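Here's the structure, in structure tokens; my notes come after.
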Amino acid sequence: AWRISSLIEQEKQIIRDKVGNNRVICGLSGGVDSSVVAALIAETIGDQLSCIFVDNGLLRKGERDQVEKNFTEHFKTDLHVVDARDRFMNELAGVDDPQKKRKIIGKVFIDCFRDEAKSIENAKFLAQGTLYPDVIESGANPDGPAATIKSHHNVGGLPEELGFELIEPLRDLFKDEVRRMGLELGLPEEMVWRHPFPGPGLAVRCLGEVTEERLSIIREADAILIEELYAAGLYRDIQQAFVVLLPVQSVGVMGDARTYENVAAIRAIESEDFMTADWFPFPHDVLQRISTRIINSVRGINRVVYDISSKPPSTIEWE
Ligand code: XMP
């Protein structure tokens with residue numbers, strides 16, 4: 001704890017020296033890294049900080065509320081929530097190719113971010129949650145597989161043409177240090193330990209066309225999965241867990257009636273670095289509870305399957 005608090009003091013001093021009296025913009029994603037950056041800057045020069053959170057309609061249940069609560073109540077920042085749900089949905093209508101979805105989402109995100117950033121006067125700096133592993137992965141071998149994966153994942157990364165000077169206070173830190181820093185700064189445990197979530201959000205977990213209805217099915221099922229992982233005390237033994245909605249319908253029975261509904265897949269993995277991963281060996285009773293609850297309470301799902309694929313050759317996401 002001592003090391004972390006002195007690290008925080010050190011970073012605060014660097015921020016003060018660099019920023020002076022200028023304004024800083026920080027993009028919030030709901031994830032750990034951007035939250036810690038925002039919290040750190042809020043504690044240092046709170047009234048010079050503006051945060052931008054783009055609600056793309058592809059978030060998990062309760063995610064926007066949590067960000068709003070945290071960065072208006074706990075840390076009092078000038079928080080700009082951009083409600084871009086319709087814009088994203090319109091652009092995604094009719095698209096089912098995963099790479100096209102990613103491209104559209106990346107582009108709309110940057111447009112929304114840029115528009116909102118323009119409305120913030122005198123902003124000179126953009127704060128980003130780049131970590132040490134990101135720095136070495138992209139620097140050591142710019143053409144290596146890690147770099148390729150990063151650039152392809154870096155939907156949240158903002159282009160230089162936005163014209164800001166970057167500040168990256170987490171550049172020398174590893175993930176566990178960032179988490180400890182977050183806790184020390186007073187971010188809620190739940191946020192600090194939250195599993196990673198891809199920039200393109202639920203769109204990459206909704207196979208086939210992204211519709212409001214399908215998103216809401218995933219959201220409900222995913223919330224049940226996460227609740228059950230907490231209840232079983234397994235959340236932190238698993239590095240990432242989520243629900244994927246397959247573009248498949250199949251026959252089921254409910255009472256006397258025949259149903260024809262969607263298949264949900266559960267993905268849960270153990271991984272050190274997310275470059276390789278194994279599927280999590282669930283106790284059967286936990287899987288059973290998850291499946292029963294999802295099928296009984298989420299309308300639109302009549303079948304649940306568990307993904308038992310490792311990475312490689314599979315990926316962690318299933319898009
Ligand atoms: P894959 O599916 O390639 O995922 O095995 C490896 C890790 O990266 C996350 N991921 C993303 N993170 N933007 C992100 O910030 C993205 O576009 C993105 N796509 C995948 C994925 O959730 C996993 O943790």
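Rule-based calculations on the coordinates, nothing more; no lab input. This is a predicted model, so every value here is computed, not measured. Glycine also receives a Cβ, built like all others from the backbone with ideal geometry; neighbour counts cover every protein chain displayed.
Per-residue 3J(HN,Hα) values for region 75-86, derived from phi via the Karplus relation 6.51 cos²θ - 1.76 cosθ + 1.60 with θ = phi - 60°, read 9, 8, 10, 7, 8, 9, 9, 9, 8, 10, 4, 5 Hz in sequence order (x marks Gly and Pro). Computed over the Cα atoms of the chain, what is the ratio Rg over Rh, Rh following Kirkwood? Here the Rg-to-Rh quotient is 0.98. Using the Karplus equation 6.51 cos²θ - 1.76 cosθ + 1.60 (θ = phi - 60°), what ³J(HN,Hα) coupling, rounded to whole Hz, does each residue of region 101-118 give in order, writing x for Gly and Pro? For region 101-118, the Karplus curve yields 4, 4, 4, 4, 4, x, 5, 5, 4, 5, 4, 5, 5, 4, 4, 6, 4, 4 Hz. In the chain, the longest principal axis of the Cα atoms and the axis of helix 175-185 are about 70 degrees apart.
Exposure proxy for ASP55, ASP237: other Cβ atoms within 10 Å of each Cβ, ordered fewest to most, give ASP237, ASP55.
With a/c under 1.5 counting as rounded, go ahead and sort region 1-104 into rounded, prolate or oblate using the C-alpha gyration tensor (a ≥ b ≥ c being the square roots of the eigenvalues; past the cut-off, prolate if a/b is larger than b/c, else oblate).
Numbers: a/c = 2.34, a/b = 2.26, b/c = 1.04.
It comes out prolate by the Cα gyration axes.
For region 2-192, the number of Lys pairs separated by eight or more positions or lying on different chains, with C-alpha atoms closer than 22 Å, is 16. Only aspartates and glutamates eight or more places from LYS311 in sequence, or on another chain, were considered; those with a Cα closer than 16 Å are GLU270, GLU272, ASP273, ASP278, GLU319. Past the 27 angstrom mark, what percentage of all C-alpha to C-alpha distances in region 2-192 do you count? Percent of Cα pairs beyond 27 Å in region 2-192: 29.
Around the amide H of LEU79, modelled in the peptide plane, lie the amide H atoms of CYS51, all under 5 Å away and 5 or more residues distant in sequence or on another chain. Name the shape class, rounded, prolate or oblate, that the alpha-carbon gyration tensor gives for region 211-306, where a ≥ b ≥ c are the square roots of its eigenvalues, rounded holds for a/c under 1.5, and otherwise prolate holds if a/b is larger than b/c and oblate otherwise. Verdict is prolate for region 211-306. In terms of packing, defined here as the mean over residues of other Cβ atoms within 10 angstrom, the peptides 30-37, 281-288 line up highest first as 30-37, 281-288.
Per residue of the chain, the DSSP helices (runs of n ≥ 4 H) give a summed -39500 (n - 2.57) that works out to -13000 deg cm²/dmol at 222 nm. Modelled this way, with points 7 Å down the Cα-to-C-beta line, the labels at LYS118 and SER271 are 3.7 nm from one another. For region 39-50, putting each phi into the Karplus relation 6.51 cos²θ - 1.76 cosθ + 1.60 with θ = phi - 60° gives couplings of 5, 4, 6, 4, 6, 8, 9, x, 7, 9, 10, 10 Hz, in residue order, rounded to whole numbers and with x for Gly and Pro. The magnitude of the dipole of the chain, with charges of +1 and -1 set on the Cβ of Lys/Arg and Asp/Glu and taken from the Cα centre, is near 340 debye.
Put simply, the amide H of ILE167, placed in the peptide plane, has neighbours under 5 Å in LEU126, ALA127, GLN128, leaving out anything fewer than 5 places away on its chain.
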